[in-house]
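Before any comments, here is the structure.
The values are calculated or read from the model by the stated rules, or taken from the named source; none is laboratory data. Every value quoted in this text rests on a predicted model; they were computed, and no experiment measured them. Because the Cβ atoms are built from the backbone with ideal geometry, glycine has one as well, and the counts that use them run over all protein chains shown. We work out accessible area using only protein heavy atoms, side chains counted, and drop any ligands, DNA or RNA first. Shrake-Rupley method; radii C 1.70, N 1.55, O 1.52, S 1.80 Å.
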Amino acid sequence: APAPISKRYFLVTEQSQKGAAQFDIAVFINSKWIRELKSDDDQIVTEITKHLRPGPNKIVLAATKRTDAPRRSTAASTYYRVIIGEGNAGGDNIMIDNPLIEMKRTAAETGNVTEEFTISAR
């Protein structure tokens, strides 16, 4: 059997301006829906280690443009970014030491985008 996962894995969101990019991002790990990251949410910092298995894991980030409201921005400099990586938690702080995945959507984009990544959990 593979060794258990010894590292900890976290997902962190970052926005240049809350809600302005108008993307909601669905997170799937190994074909299982994990959660939705909404453009109107405050920063999300969550541990995803329990959803991973040792070795390769498929992560899909499916970004849906919110077209039900007028566009708040059309600037390419307005972004919503998702970072997944190995890290540590200390007190109230999460530190990602080794970023493995980054998806960045901008307000200039109008279409839905799905990106697929493979990370090796160790």
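Annotations for the structure displayed:
- Residue that is modelled with the lowest pLDDT, among those in region 63-97 that are among the β-branched types (Val, Ile, Thr) and closer than 20 Å to Asp41 by Cβ: Thr67
- Residue in region 41-58 that is without any contact (Cβ under 8 Å) to a residue 60 or more places away in the chain and touching an Asp or Glu at 6+ places or on another chain (Cβ under 6 Å) present: no
- Counting only residues that are hydroxyl-bearing (Ser, Thr, Tyr) and either free of Cβ contacts under 8 Å to residues at least 40 places away in the same chain or open to solvent by 50 Å² or more (accessible area, probe 1.4 Å) (or both), region 68-87 holds 2 of them.
- The strands (runs of 3 or more DSSP E) found wholly in region 1-67 and carrying at least 2 residues that are open to solvent by 20 Å² or more (accessible area, probe 1.4 Å), more than 16 Å from Thr118 (Cα to Cα) and of a type outside the set (Gly, Ala, Ser) occupy 8-15, 32-37, 45-47.
- Residue match in region 105-112 (condition: farther than 14 Å from Ala20 by Cβ, free of Cβ contacts under 8 Å to residues at least 24 places away in the same chain and over 16 Å from the mean Cα position of the chain (by Cα)): no
- Being charged (D, E, K, R) and surrounded by 13 or more Cβ atoms within 10 Å (Cβ to Cβ) holds for only one residue in Glu116, Glu102, and it is Glu102.
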